[in-house]
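What follows is a single structure, written as structure tokens, with notes after it.
Values in this text are rule-based calculations from the coordinates and carry no lab data. From a predicted model like this one, the values you see are computed outputs, not experimental measurements. Methodologically, a virtual Cβ is constructed for each residue, glycine included, from the backbone with ideal geometry; neighbour enumeration extends over all protein chains shown.
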Ligand code: SF4
Ligand code: SF4
């Protein structure tokens, strides 16, 4: 939630925005318009990457204000196809796939099946899976300029997960974790179970099976999802995991606070051309390559779909993070590092 009392109108959020990069004077003027509820091109041109929430030196959460204004004005336009995709998220059939009672519960929400061939191997053996529209967290709707849908559906989302009776639930998707550890606090909703991020699960699994780990001695570039802006504290856990499996996260321009969008959001925006979308994607991948990476590692399935083929074409082997861990555990990947590709 935007905290106006913290905002000094310094304009940093719009100056350092990778996509808008306004000069200082303009940044200050346009941000003031956002506060005052006046029309500004920011609401149309912002690509909803949420980076400015991290950029703001005061912790005022400027993106949350931009997102609210996008909804109020209806000025953020995405394609009908993208809206259908978001609606599908909550409409998909749901089921609980029962595993062994002593093993953890994992929610794969409605995105778990997007990458066939990924939920395999010892990391996932015996887990109970929650899948489908009932377990959709609605966080993605920020990218359609509809943040009110998160608030409207947050309690239902928490209650549905809580109904499983699990004390801890692993979240396969970064969005669900951001919803349960950040957004719900803003809405005053209590979570009666412990949300475990997939990175935490993987790190602890590796620690518990360290004798099986063969260090990969690999240099990788990491594609940070936008929801991680809300839960950046877990970046230390990620670095720990990489170290445990012998992976060097290359030091590059577009990582951590400066991470770029995978391009999927831009691709759905009506005022962003395919050429512009492609240009940003290539900037990201070329940066990874120039920094010496040999592989591109993903956390979010949507980022995988947007970048895996392009990464491969650049000589960067794509991996979703759990598959990289599987390789370190000595497992064969039957469908490659980033899941099966349907032609
Ligand atoms: S959300 Fe991203 S694109 Fe939008 S203003 Fe903030 S940094 Fe810029
Ligand atoms: S939201 Fe933060 S970065 Fe943006 S103008 Fe206010 S204080 Fe500055």
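When each of the peptides 291-298, 154-161 is scored by how many other beta carbons lie within 10 Å of its residues on average, the order from highest to lowest is 291-298, 154-161. Against the chain, whose longest principal axis comes from its Cα atoms, helix 62-73 is set at around 70 degrees. Taking the 0 to 90 degree range and rounding to the nearest ten, how far is the long axis of helix 24-36 tilted relative to the main principal axis of the chain, both from C-alpha atoms? Relative to the chain, helix 24-36 is tipped by roughly 90 degrees.
Sorting 335, 197 by the number of Cβ atoms found within 10 Å of their own Cβ, with the fewest placed first, yields 335, 197. On full extension, the segment bounded by residue 103 and residue 1 gains 33.1 nm, given 0.36 nm per residue less the C-alpha separation. With the highest mean first, a sort of the peptides 215-221, 136-142 on other beta-carbon atoms found within 10 angstrom per residue produces 136-142, 215-221.
Cβ-Cβ distance of residue 79 and residue 10, R₀ of 56 Å, FRET efficiency by 1/(1 + (r/R0)^6): the value works out to about 0.95.
Here the sum of -39500 (n - 2.57) over DSSP H runs of 4 or more residues, divided by the residues of the chain, equals -11500 deg cm²/dmol at 222 nm, to the nearest 500. A Förster radius of 35 Å combined with the Cβ-Cβ distance from residue 91 to residue 213 puts the calculated FRET efficiency at roughly 0.30. The relative contact order of the chain comes to 16 percent, based on Cα pairs under 8 Å that sit 6 or more residues apart.
What angle, in degrees between 0 and 90 and rounded to the nearest 10, separates the Cα long axis of helix 148-162 from the longest principal axis of the Cα atoms of the chain? Roughly 20 degrees, rounded to the nearest 10.
Short to long, the 10 Å bins of the Cα pair-distance histogram for the chain hold 5, 25, 35, 25, 9, 1 percent of all pairs.
Here the extension length gained between residue 21 and residue 194 equals 58.4 nm, from 0.36 nm per residue of separation less the Cα-Cα distance.
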